[in-house]
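Some notes on the structure that comes next.
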Amino acid sequence: MTYIHRLLGAFLCAAVMLVPRLGWAEQNFLYQISTQQALEAGDFDGDASLAELKQIGDLGFGVFNELDGVLVAVEGGFYRVSGDGKVNPVTDAQKAPFAAVTRFKTDRLLKLEQVDGLEQLETRLDSLLPTPNIFYAVLVQGKFATVKTTSLRRQSKPYPPYEDIIAQQPVFKLANVEGSLIGFRYPCLAQGLGGPGYVWNFLAKDRRSGGRVLECSFEGLTAKIENIHVLNLKLPSDASFYGVGLPEKNSAE
């Protein structure tokens with residue numbers, strides 16, 4: 001192989017590696033670390049750092065290693081909601097076994113009148129979205145009449161089953177609180193990745209409380225919607241993920 005051929009080969013290789021990065025600047029995308037299915041199977045230790053996630057997205061959710069709290073990202077800020085419902089500072093070195101972020105871009109605004117619960121909110125959104133077959137990110141900001149949240153408490157090895165941990169989640173009730181409701185809608189084709197359906201998280205405006213949302217109510221707010229057509233899925237390369245037992249078939253089959 002001549003020098004020119006080697007140089008051309010190196011150039012083409014570099015070009016291929018750059019295509020996804022260039023595409024992200026032009027398209028709405030979801031960048032996800034691992035899958036909800038792997039998390040539920042017991043993979044609580046990942047190799048993805050917050051530094052990596054911050055470089056790629058500014059809105060998202062996830063969990064921290066050892067299930068040491070819930071990850072919530074909004075407007076470029078990344079936060080950890082610990083097992084007591086309080087928001088704690090994070091470092092770039094902290095890692096997540098499961099997370100999803102996007103570089104949020106508003107594609108459309110939807111006016112939402114009085115909403116008395118998540119089920120009503122999801123029904124309203126579904127009736128207004130153009131198709132159920134793609135991903136969506138949703139951001140609703142303002143004053144909420146009520147928000148009921150939960151988080152995760154740090155676990156120690158040998159880890160208990162995920163379903164046992166969820167059954168013992170703490171619950172926190174907020175009233176007349178300003179903040180951000182952050183939602184992601186997964187299409188049916190994404191079963192096992194993080195859905196199907198909606199995932200909701202909340203972060204108070206004063207950055208003192210938040211977590212995974214169980215229930216909420218509000219009146220007269222506007223939802224900012226991002227249509228997402230590109231999924232970039234990164235599977236962990238650590239021993240924890242390699243050894244986790246994933247089901248060979250989806251539960252719906």
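Helix 118-128 and the longest principal axis of the Cα set of the chain meet at an angle near 60°. The distance from the alpha carbon centre of the stretch 225-248 to that of the stretch 150-205 is 17 Å, rounded to a whole number. This ranking places I33, I134 by how few other beta-carbon atoms lie within 10 Å of each, fewest first, which gives I134, I33. On a 0 to 90° scale, report how tilted helix 3-26 is relative to the longest principal axis of the chain, with both axes built from alpha carbons and the result rounded to the nearest 10. The answer is roughly 10 degrees. Rounded, prolate or oblate: which one fits the stretch 95-170, using the alpha carbon gyration tensor with axes a ≥ b ≥ c (rounded when a/c is under 1.5, else prolate when a/b beats b/c, else oblate)? Prolate, since a/c reaches 1.5 and a/b exceeds b/c.
Coordinate-derived values only; no laboratory data. If you're wondering where the values come from, they're calculated on a predicted model, not measured in any experiment. Cβ coordinates were reconstructed from backbone atoms using ideal geometry, including for glycine residues, and neighbour counts include every protein chain displayed.
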